[in-house]
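Asks: Structure provided below as structure tokens; questions to follow.
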Amino acid sequence: MSEALWDLLRGAMTTKALAHTAELGIADRLADGPRPVAELAQATGADGDRLYRTLRALASDGVFAELEPGVFRNTEASELLRGDGWPEFAHLFGSVFYDALQRFPKQLETDFWDWLAANPIERDAFDTAMAGGKERQAERLAALDWQGNETVVDVGGGNGELLRLLLQRKPELDGIVFDLPETVRDEAALGERIEFAAGSFFDSVPPGDAYVLSAILHDWNDDRAAAILRTVHAAAPKGARLLLIESVVTPDNEPQGSKWLDLLMLVLLDGRERTEGEWRALLGDTGFEVESIEDGLIQARCR
């Protein structure tokens, strides 16, 4: 048990080490095979001794592997740091998220969304991180029953990656990506059947047949989340589908990443991860009838 507790206590070092190697692009530089740490240091401008000690520590946890003294290769874990939002998540956890958690359990003093708006490079990193993992989400959405010729509104849809992937699988659908005007995006890449609409989901959202909110409501406390849902309800026709891509916190002691993510939501955004009962209460109070609740996908209809 002492080893397990130690692994938890030194988690801050792991976070910083992962962020550092992600920012240096070490995993990309190992894509073609093993390289000596001296070459990696020269290519990145890093201090060789410090980089070696960082990679050695990460390798002890299975992120990178030291084949012989001073020579490293990628592992299945470090390969993830080459894309799909993972490098950007590593950067965020090692910077603004880390800073927020230093105040735990108090909330970050600066409004996170205002901070992102004032820091476009970080906004780009955040949007790229949020776009990661959309293939799995798109597959799950595409497996649902669709009538065809429906308009799907992705509320807070960022750069539109989720909707783009969904329409690749369901070309009979039309889509609207709705997000703040400063969202980094390539509208030409969305295709002819998807448009981008700018605005705040606290004010209004476009009309549609189905509404997707992917990891949006966990950013907000219950009052603010209810306000977003009421905005959607005001625009949606009766019977419109609501699809929430959100975690559902279990009441047991089993390991669940969302229980830790809940602490980040607490200090960074005054948001929260929710249990099934909390989701049912929130949706019921805002005019939606729950059809099913599974970890990762909640389905409801507008009453």
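Just so you know, all these numbers are worked out from the coordinates, no wet-lab data involved. Not measured: the values here are computed from a predicted model. Here the Cβ is made from the backbone with ideal geometry for all residues, glycine too, and neighbour counts use every protein chain on show.
Asks: Can you tell me how region 38-93 classifies by the Cα gyration tensor, rounded, prolate or oblate, using a/c under 1.5 as the rounded cut? Could you put the intermediate results ahead of the total?
Replies: On the way: a/c = 1.92, a/b = 1.34, b/c = 1.43.
Oblate, because a/c is 1.5 or more while a/b does not exceed b/c.
Asks: Compare the Cα positions of 239, 227, 214 along the charge dipole of region 201-246 (+1 at Cβ of Lys, Arg; -1 at Cβ of Asp, Glu; about the Cα centre) and return the one farthest towards the positive end.
Replies: Positive-end residue among those listed: 239.
Asks: Note down the relative contact order for region 2-82 as a percent, whole number, built from C-alpha pairs under 8 angstrom at least six residues apart. Walk me through the numbers on the way to the answer.
Replies: Numbers: 77 pairs, mean separation 24.9, N = 81.
With pairs under 8 Å counted, the relative contact order is 31 percent.
Asks: Same structure, new question: For Cα extents along the principal axes in Å, one of (1) 73, 48, 41; (2) 65, 44, 36; (3) 57, 42, 41 was computed from the structure I shared and the rest are decoys. Which label?
Replies: Computed from these coordinates, Cα extents along the principal axes in Å corresponds to label (2).
Asks: So how far, in whole Å, is the C-alpha centre of region 80-149 from the one of region 187-221?
Replies: Centre-to-centre distance over Cα atoms comes out at 16 Å.
Asks: Ranked highest first by average number of other Cβ atoms within 10 Å, how do 166-178, 206-218, 91-103 line up? Write down the numbers at each step before the final one.
Replies: Details: 166-178: 19.6, 206-218: 21.5, 91-103: 17.2.
Output ranking for 166-178, 206-218, 91-103: 206-218, 166-178, 91-103.
Asks: Here's a follow-up. How much mean residue ellipticity at 222 nm does the chain get from its helices, if each DSSP H run of length 4 or more adds -39500 (n - 2.57) and you divide by all residues, to the nearest 500 deg cm²/dmol? List each step's numbers first, then the result.
Replies: Details: 15 runs with 138 residues, N = 303.
My calculation for the chain gives -13000 deg cm²/dmol from helical runs alone.
Asks: Evaluate the relative contact order of the chain (contact order divided by residue number), counting alpha-carbon pairs under 8 angstrom at least 6 apart; express in whole percent.
Replies: Values: 501 pairs, mean separation 39.5, N = 303.
Worked out over the chain, it gives 13 percent.
Asks: Each residue of region 20-29 in order: what ³J(HN,Hα) in whole Hz does its phi give by Karplus 6.51 cos²θ - 1.76 cosθ + 1.60, θ = phi - 60°, with x for Gly and Pro?
Replies: 4, 5, 5, 5, 7, x, 4, 4, 5, 6
Asks: Continuing with the same structure: Zone of residue 263 (label point 7 Å along Cα→Cβ, backbone N under 13 Å): which residues in region 103-132?
Replies: Residues 103-106 qualify, since their backbone N sits under 13 Å from the label point.
Asks: Can you tell me the FRET efficiency between residue 76 and residue 147 if r is taken as the Cβ-Cβ distance and R0 is 35 Å, rounded to the nearest 0.05? Each step should come with its number before you reach the end.
Replies: Values: r = 40 Å, r/R0 = 1.14.
The value I calculate is 0.30.
Asks: Plugging the Kirkwood radius over Cα pairs into Stokes-Einstein for region 133-302, at a temperature of 4 °C and a viscosity of 1.567 mPa s, what D comes out in µm²/s? Write down the numbers at each step before the final one.
Replies: Working: Rh = 16.2 Å.
The calculation lands on 80 µm²/s.
Asks: Okay, moving on. Quick one: 3J(HN,Hα) in Hz for region 251-257, Karplus 6.51/-1.76/1.60 with θ = phi - 60°, rounded, Gly and Pro as x.
Replies: Using θ = phi - 60°, the values come out as x, 9, 9, 5, x, 8, x Hz.
Asks: Where both residues lie in the chain, what percent of DSSP beta bridges are antiparallel, nearest 5?
Replies: 45 percent
Asks: Continuing with this model, one more query. Can you tell me which of 146-152, 228-234 comes out highest on packing, and rank the rest after it, using the mean Cβ neighbours within 10 Å? Please list the in-between numbers first.
Replies: Numbers: 146-152: 14.9, 228-234: 19.3.
Descending mean neighbour count gives 228-234, 146-152.
Asks: Quick one: 3J(HN,Hα) in Hz for region 72-81, Karplus 6.51/-1.76/1.60 with θ = phi - 60°, rounded, Gly and Pro as x.
Replies: 10, 9, 6, 10, 4, 5, 5, 4, 4, 6
Asks: A follow-up question, please. Amide H of residue 297: which non-local residues (sequence gap of 5 or more, or other chain) have their own amide H closer than 5 Å, using H built in the peptide plane?
Replies: Correct list: 246.
Asks: Which of the lysines could a cross-linker bridge to residue 134, judged by Cα under 30 Å and excluding same-chain residues fewer than eight apart?
Replies: Excluding near neighbours in sequence, the set is 16, 170, 238, 259.
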